[in-house]
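See below for the structure under consideration.
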Amino acid sequence: MPVTPFPAPRTLTTTPGGAALDAPVRVRTDPALPPQGYRLRTGPGGVTVDHRDALGMRYALGALDQLRAGHDYTATGYDISDHPDFPVRGFLLDISRDRVPTRRTLARWIENRTWRSSRTQALRTGGRGS
């Protein structure tokens, strides 16, 4: 079964025949793509990454890493396009539906997020004392 990178891209199509793990990656800038956008193609001819800007390339290479980690990378060709809906990507930590992180893990996440952006917000809801 083909790998779907996280976060799921806008479009993803697969074809038989993938790229070799050591295939060179051809990188090109495409100003026609939306900001932070990319198109990633893998196949017997190798790997091609078209990106609009540095963030687009970063997200494309992150998706490529996830594809390469899959067991069927060399058997499946991918054509992926993605770009964000909003200019600022966000991170939501909803501890009401999952495990509560330790204080150390939470501090690491906050530190990691704040060096990228000064737009950090906290929201407390429910329970006493909120």
Original post:
Using a basic spin-label model with each label point 7 Å from the Cα along Cα→Cβ, how many nm lie between THR105 and THR29?
Top reply: 4.0
Original post:
Leaving out ligands, DNA and RNA but keeping every protein chain, what accessible area does VAL100 have, in Å² rounded to the nearest 10, with a 1.4 Å probe?
Top reply: 100
Subject >> Per residue, the convex hull volume that the Cα atoms of region 52-98 enclose (Å³) >> reply: 131
Original post:
For the peptides 69-81, 31-43, 12-24, what is the packing order when you average, over each peptide's residues, the other Cβ atoms within 10 Å and list the highest mean first?
Top reply: 31-43, 69-81, 12-24
Original post:
What percentages, rounded to whole numbers, describe P(r) for region 1-107 computed over all alpha carbon pairs with 5 Å bin width beginning at zero?
Top reply: 2, 12, 21, 20, 14, 12, 9, 7, 3, 0
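The values are calculated or read from the model by the stated rules, or taken from the named source; none is laboratory data. Computed from a prediction, not measured in an experiment: that's the story for all the values here. Every residue, glycine among them, receives a Cβ derived from its backbone with ideal geometry; neighbour counts consider all protein chains shown. Side chains included, ligands, DNA and RNA excluded: accessible areas come from the protein's heavy atoms. Shrake-Rupley method; radii C 1.70, N 1.55, O 1.52, S 1.80 Å.
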